[in-house]
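The values are calculated or read from the model by the stated rules, or taken from the named source; none is laboratory data. Here the structure is a predicted model, which is why all the values come from computation and not from measurement. As a convention, Cβ positions derive from the backbone with ideal geometry for all residues, glycine included, and neighbour counts pool all protein chains shown.
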Amino acid sequence: MRTEGMMIVSCPDCTAKMQIKFDRERLKGKRVTIRCAKCRHVFKTEIAAPAVTNTGDAGKDLRVLVAHSDSELCEAVASILTREGISFNVCHDGTSALQNLDSQRPQVALMDVALPGLYGFEVVDKVRQRPGLEDVKIILLSSVYNKLAYKRTPSNLYGADDYLEKHHISDKLVSKIKRLAAGEPASEDAAPEAPEPPASEQGDEFREEMNDKIRAADEKETQSQAGSVDLEKAQRLARIIVSDIALYNQDKVESGVQDGSFYELLQDEIAEGRRLYESRVAEEIRAQGDFLAEAFENFIARRKQE
């Protein structure tokens, strides 16, 4: 039996809104290809699936949106939230994230800064302007599993409430979610936390297992060797590096975009990012084009439009 659904989607290029109808049972949770009726741009979006509801008491009535392009990383995050009894939705691009926020109204959203379609920053901008979403707390997630590359304490968060680095998902995500949902200060440094009970051996094993999955997902998503699939990985890694640098350097980014000094202000961070890019992308792929430079130019152009 066909169950018809309907939703509003926004074109990531021209921002035109379109109403689409779909078979809810057949397409829920799947990505579909759409052509913008106004500018003819082709993009993918995800048909929102119903929220995953868990019965644990710890996260009762707490709803979270997980927005990340990598399905394996999302599976690891899902395991962590399920263990805590926290209900969640998962989506894989910026447009779908906006649709989920509109339809599900979660208390907290964990959002990859390098989401396909709309950057995480762009989603935050749109959320902060939408009536009814004022109270949604947003955690921006850095995109590279690397404890050293171009990492700084962010001076600002583009309107988000907190940020989290990939290698801290297993040990800090849940506490950040609960703190934000309770209306407490976002950062661990903003207020003293009650000491946590000593971790059990089983808890340590679970966290280590999740870390291994997240690290493996990161390498699989961005480590390119050769071939068309790996060309896409190189382009994805370039977008990730640009997004991460922007996350940690908002003041420099905004100043550089405005006065044309972007590359001068961020030359050290860009050099670090390029070293990481070249260490993960095969020489044969790099010979096909400077995807990192293209990603920076695309990012600057989009920030100028805002």
Hey, among GLN267, GLN223, which residue is of a type in the set (S, T, N, Q) and at pLDDT 90 or above?
-> GLN267
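Quick one: is ASP189 farther than 25 Å from ARG239 by Cβ, at pLDDT 90 or above and in a loop (DSSP other than H, G, I, E, B)? Walk me through how you get there before you give the answer.
Values: farther than 25 Å from ARG239 by Cβ: yes; at pLDDT 90 or above: no; in a loop (DSSP other than H, G, I, E, B): yes.
Here the answer is no, as ASP189 does not meet what is asked.
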Only one residue in VAL52, VAL32 is modelled with pLDDT under 80, of a type in the set (A, V, I, L, M, F, W, C), surrounded by fewer than 20 Cβ atoms within 10 Å (Cβ to Cβ) and under 30 Å from ARG303 (Cβ atoms). Which one?
-> VAL32
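Residues checked against (1) hydrophobic (A, V, I, L, M, F, W, C); (2) touching a residue at least 24 places away in the same chain (Cβ under 8 Å); (3) in contact with a helix residue (DSSP H, G or I) (Cβ under 8 Å, 6 or more places away or on another chain):
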| residue | (1), (2), (3) |
| --- | --- |
| ILE240 | yes, yes, yes |
| SER243 | no, yes, yes |
| GLU254 | no, yes, yes |
| PHE262 | yes, yes, yes |
| GLY273 | no, yes, yes |
| ASP290 | no, no, no |
| PHE296 | yes, yes, yes |
| LYS304 | no, yes, yes |
Please go through segment 129-166 and pick out each residue that is modelled with pLDDT under 85 and farther than 23 Å from LEU265 by Cα.
-> TYR145
From ASP244, ASP251, residue being buried (at least 21 other Cβ atoms within 10 Å of the Cβ) and either assigned to a loop (DSSP other than H, G, I, E, B) or acidic (Asp, Glu) (or both) | ASP244
Within segment 256-265, is there a residue that is over 17 Å from PHE121 (Cβ atoms), among the small types (Gly, Ala, Ser) and either assigned to a helix (DSSP H, G or I) or more than 24 Å from the chain's Cα centre (by Cα) (or both)?
-> yes
If you go through segment 276-288, how many residues are free of Cβ contacts under 8 Å to residues at least 24 places away in the same chain and farther than 22 Å from ASP218 by Cα?
-> 1
Filter result for ARG207 (modelled with pLDDT of 90 or more and farther than 17 Å from SER142 by Cβ) = no
